[in-house]
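Note sheet for the following structure.
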């Protein structure tokens, strides 16, 4: 596996691959790889001749007071993990190469970026769109793989790609969970074992909602279900709800009743320190 | 020459050309071709195997009360003119194909879009960036040719391409003028002969400024020169100054004194009806 750090070198390599008719896949990441990331890389490996994993902790998607400085980093460890699943290039550009002096362009997906995580993290999705656009242009992939854990991000990126006619296929991959059910996240490394146990309230909420939906004989009120879940989470020490919503999986608008396209989507803060997200499809059988 | 109207058809054609190793040039236009447009097309023809001219009156770059509905259109005439200079594809998508229901993505080049035309036309350059990005993605050109008459637009597009790492070369072409000196513009068709004569105040201002710079023995104050030009224009019946500025050609910031990178850049309104722009380099000999 090759480590590339300069954008011009990445672009040249991608152009060379394109010239040879090779199929390129990109997996954009912020590093500190866990099984979730590795699953995305394996998925990319299945569908492309060349797999590029970008590793870039993108400053413009962090707000003031967020965990940009604390975000866990270990290039050596990440290199070994990526090489182990057959990645061809680990692309890890520097902040100054990505955003040199004078940089001033941004991309906004107006409606999808507003609610959910966008409400509490203003500008976050503009930063995500902008960096993803740059990475797509630098690596020229035929497909790019994103995890469903960042479900709003996935919807925003799909919309950007569709609206701007980018010639890339966006592939999504299901959430990978610990044996306990906790969704894999680089931010889990901020948690003690006890806090991880508390954070399981997210997974329990998903199981609760799915059980309710499976047993339902008539359409369920999304608002009532969200209230019940919020109540459950409030009972867990140290957990504070940011939002609990049941939305349409495509336009992220609130559902009145749970239907076959509904998604339960949640964000909590654990011990005022660690923000965690989780989501799941609510299948109506 | 082929007329293409569907984005998916344009994308397929561009992908096919790319696959054959052909070099593609794009000339983005809003139609109603004049010699200025044809010069851009000839310039593209020199450097590419395939020349695409897009013709799209882009609604999202017009503000309320601007001339979107009145903008002159004649696809038949434009087709003949483009064919005459060797264009391969005239790409004329519809508004609903470019901006279908649910479209919500926009691109902003923050600093360069603020002053000059951006001050009087809020959102204009966001609309320009967004449509140019879409056209670039749909046509996948190796180079795109823009006229210098829209000098701020050129600077904004160059910045977007640079900031987002788009793999396309932006080529600029000097302003083409009528024999009288009036800069060619589709909007000149709104003017009577008498109004065209009045609109020549822009060209006279350029000649005045260039003469002053040529004869200068010490650095000239940009502010004083702009005041003199504004005074000249105010004396012309029916002409109202929107702005007259001398700016750095790269960052569009106001110059204190005229230097080798200064650009005189102006916008006026003729008889409260027609907005005209013009600009020129102020060479210090």
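Any read-out appearing in this document is the output of simple, stated calculations on the displayed coordinates, not a laboratory observation. The shown structure was predicted, so the numbers you read here are calculated from the model rather than taken from an experiment. Here the Cβ positions follow ideal geometry from the backbone for every residue, glycine too, while neighbour counts run over all protein chains shown.
Each of A:97, A:242 was scored by other Cβ atoms within 10 Å of its Cβ. Arranged with the fewest first, they read A:97, A:242. Cα centroids of region A:236-251 and region A:155-195: 15 Å apart. The shape of region A:1-120 comes out prolate: with a ≥ b ≥ c from the C-alpha gyration tensor, a/c is at least 1.5 and a/b beats b/c.
Ranking of A:239, B:129 by neighbouring Cβ atoms within 10 Å, starting from the fewest: A:239, B:129. Quick one: what does P(r) look like for region A:117-211 with 5 Å bins over all Cα pairs, in whole %? Going from the shortest bin to the longest, the percentages are 2, 11, 18, 19, 17, 14, 10, 7, 2, 0. Label chain B by shape, choosing from rounded, prolate and oblate, from the square roots a ≥ b ≥ c of the eigenvalues of the Cα gyration tensor; if a/c is under 1.5 it is rounded, and otherwise prolate applies when a/b is larger than b/c, oblate when it is not. Because a/c hits 1.5 or more and a/b exceeds b/c, chain B counts as prolate. Using C-alpha pairs below 8 Å separated by at least 6 residues, the relative contact order for region B:52-196 is 23 percent. Computed on chain B, with alpha-carbon pairs under 8 angstrom and 6+ residues apart, the relative contact order is 17 percent. Take every pair of alpha-carbon atoms less than 8 Å apart whose residues are at least six positions apart; their mean separation over the length of region B:186-280 yields a relative contact order of 28 percent. DSSP finds beta bridges in the protein assembly as shown, and of those with both partners inside it, around 55 percent are antiparallel.
Between B:219, B:237, B:64, the residue with the greatest mean-square fluctuation in the GNM of chain B (Cα pairs under 10 Å linked by springs) is B:64.
In region A:135-281 the Cα-Cα distances spread across 10 Å bins starting at 0 as 11, 37, 32, 17, 3, 0 percent of all pairs.
For the residues A:33, A:103, A:208, a GNM of chain A with alpha-carbon springs under 10 Å puts the largest fluctuation on A:103.
Dividing the Cα radius of gyration of the protein assembly as shown by 2.2 N^0.38 Å, with N the residue count, gives 1.11. Between the Cα long axis of helix A:75-84 and the first principal axis of chain A there is an angle of about 90°, rounded to the nearest 10. Helix B:35-47 and the longest principal axis of the C-alpha atoms of chain B enclose an angle of approximately 50°. Classify region B:219-285 as rounded, prolate or oblate from the Cα gyration tensor: take a ≥ b ≥ c as the square roots of its eigenvalues, call it rounded if a/c is under 1.5, otherwise prolate when a/b beats b/c and oblate if not. Here region B:219-285 falls in the prolate category.
With angles folded into 0 to 90 degrees, how steeply does helix A:124-139 sit against the dominant principal axis of chain A? Use alpha carbons for both and round to 10. It works out to around 30 degrees. Helices in the protein assembly as shown, meaning DSSP H runs of at least 4 residues, each add -39500 (n - 2.57). Divided by all residues, the mean residue ellipticity at 222 nm is -11500 deg cm²/dmol. In a fully extended conformation the segment linking residue A:49 and residue A:193 would gain 47.8 nm over its present Cα-Cα distance, using 0.36 nm per residue.
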